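Visitor: Dropping a structure here in structure tokens format, bear with me for questions.
The values are calculated or read from the model by the stated rules, or taken from the named source; none is laboratory data. Here the structure is a predicted model, which means the values were calculated and not measured. As a convention, Cβ positions derive from the backbone with ideal geometry for all residues, glycine included, and neighbour counts pool all protein chains shown. We work out accessible area using only protein heavy atoms, side chains counted, and drop any ligands, DNA or RNA first. Shrake-Rupley method; radii C 1.70, N 1.55, O 1.52, S 1.80 Å.
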Amino acid sequence: MTVHPAMTCPQCGEPTGPSDAFCENCGAPLSASPSSASADIAPTEPGSARTHLIAPLHEEPDELPTPVCGDCGGQVGDDGWCTVCGARASNGREHLAEQPSPTVAAVTDKGRVHPRNEDAYAISTAGTWTTLVVCDGVTTATDSDVASLAAALAARDLLAAAPRPGGSPSERERHWSEQLKAAALAADLAAEKTASKSDDNPPSSTFVAAVADGAVIVAAWVGDSRAYWLPDAGPAEQLSVDDSWASVQIAAGVPRDEAEAGPKAHAITKWLGIDSPDIDASTTTTIATTPGWLLVCSDGLWNYCSSADDLRALAAKQPADPLARAEALVDWANEQGGHDNITVTLARITPEE
């Protein structure tokens, strides 16, 4: 596994990759010699990637419009940088929204700080079956926005094509746990294929996906994007458990607020990509006994509202329509500062009688 030392822009202080010629945030030229910033690496996992405030697209990569420089209108080179002023070109993902059914919706936004959205989502629904996938590209790695999109689409497509099992809740739980693990592997392979052989800082991404099959909800994850179950009645649940330094601290007894506010909170210990040390996705299941909301999101949202109960209270104040609610949650995160890209996917779940 390659260890990627973190770098920061000497002009604006934003994180950069070791192979970057210009700062993604301000366009300043960068020195070839990286400076050390070990706070971005989880001490227990050398080489851990770091999610750094980013968000997605549901179109195929070859359907994207040819980018032009938003700063000067100059020609953008094959490497994604303006050949005139040196700024990073837009990937067309500043703000996207989708609602494939009255009960399912997704919104992604680049936020207010970062000039580029590197999250990606992919959703699918049919009858009482729904899948939501969110991948958060690692901003300090090259072309992670491409990797996150490829990963989300690959996972969604595998899950959408999977057989729909009948039988008991336990049989459906077992089936979807296996399918979600396979989806994570497919997502990882898709992310790996976006890396060039010359990459010394290859693209990386987190992964989280959830399937709702009637009342059975199964989630899987690699990294620190999250899935929540927010029922109308009863306790709310954070379904995923971050693969991160903050989770290590919480498990050791550090209060959640303190651990998640620390400088190493977003150092992740598992991720997708060609240099990933472990892509065996963790899974969990819950059974919906009352109507509620399945929420799958990037840390651009939960950074500002981490607790499942607090997130449910926040969501309950928003419009009832899934798309309007997702838009409102994205707007709320931007109002808190929008320091990260923000992706919100929602499904209204009504358990079968």
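Visitor: How many residues does the range 270-295 contain that are open to solvent by less than 40 Å² (accessible area, probe 1.4 Å) and either charged (D, E, K, R) or free of Cβ contacts under 8 Å to residues at least 24 places away in the same chain (or both)?
Guide: Here the count works out to 2.
Visitor: Can you spot a residue in the range 136-154 that is under 19 Å from the mean Cα position of the chain (by Cα) and assigned to a strand (DSSP E or B)?
Guide: Yes; the residues of the range 136-154 include at least one that is under 19 Å from the mean Cα position of the chain (by Cα) and assigned to a strand (DSSP E or B).
Visitor: Separate question: Please verify whether E171 is farther than 20 Å from N341 by Cα, in contact (Cβ under 8 Å) with a residue 24 or more places away in the chain, among the acidic types (D, E) and part of a helix (DSSP H, G or I), treating the condition exactly as stated.
Guide: No.
Visitor: Looking at S307, S298, can you tell me which residue is under 17 Å from T345 (Cβ atoms), touching a Lys or Arg at 6+ places or on another chain (Cβ under 9 Å) and in contact (Cβ under 8 Å) with a residue 12 or more places away in the chain?
Guide: Of S307, S298, the one residue that is under 17 Å from T345 (Cβ atoms), touching a Lys or Arg at 6+ places or on another chain (Cβ under 9 Å) and in contact (Cβ under 8 Å) with a residue 12 or more places away in the chain is S298.
Visitor: Given (1) of a type outside the set (A, V, I, L, M, F, W, C); (2) assigned to a helix (DSSP H, G or I); (3) buried (at least 21 other Cβ atoms within 10 Å of the Cβ), identify the lone condition not met by D340.
Guide: Among (1) of a type outside the set (A, V, I, L, M, F, W, C); (2) assigned to a helix (DSSP H, G or I); (3) buried (at least 21 other Cβ atoms within 10 Å of the Cβ), D340 violates only (2).
Residue by residue, here is whether (1) closer than 21 Å to K270 by Cβ; (2) hydroxyl-bearing (S, T, Y); (3) touching a His at 6+ places or on another chain (Cβ under 7 Å); (4) open to solvent by less than 10 Å² (accessible area, probe 1.4 Å) holds:
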{"position": "V208", "(1), (2), (3), (4)": "yes, no, no, yes"}
{"position": "A219", "(1), (2), (3), (4)": "yes, no, no, yes"}
{"position": "S225", "(1), (2), (3), (4)": "yes, yes, no, yes"}
{"position": "G234", "(1), (2), (3), (4)": "no, no, no, no"}
{"position": "Q238", "(1), (2), (3), (4)": "yes, no, no, no"}
{"position": "D243", "(1), (2), (3), (4)": "yes, no, no, no"}
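Visitor: Being modelled with pLDDT of 95 or more, open to solvent by less than 10 Å² (accessible area, probe 1.4 Å) and more than 16 Å from the chain's Cα centre (by Cα) narrows it down to one residue among L311, L301; which is it?
Guide: Unique residue meeting the criteria: L311.
Visitor: Please work out which one of (1) touching a strand residue (DSSP E or B) at 6+ places or on another chain (Cβ under 9 Å); (2) buried (at least 23 other Cβ atoms within 10 Å of the Cβ) is the condition N201 fails and give its number.
Guide: The single condition N201 does not satisfy is (1).
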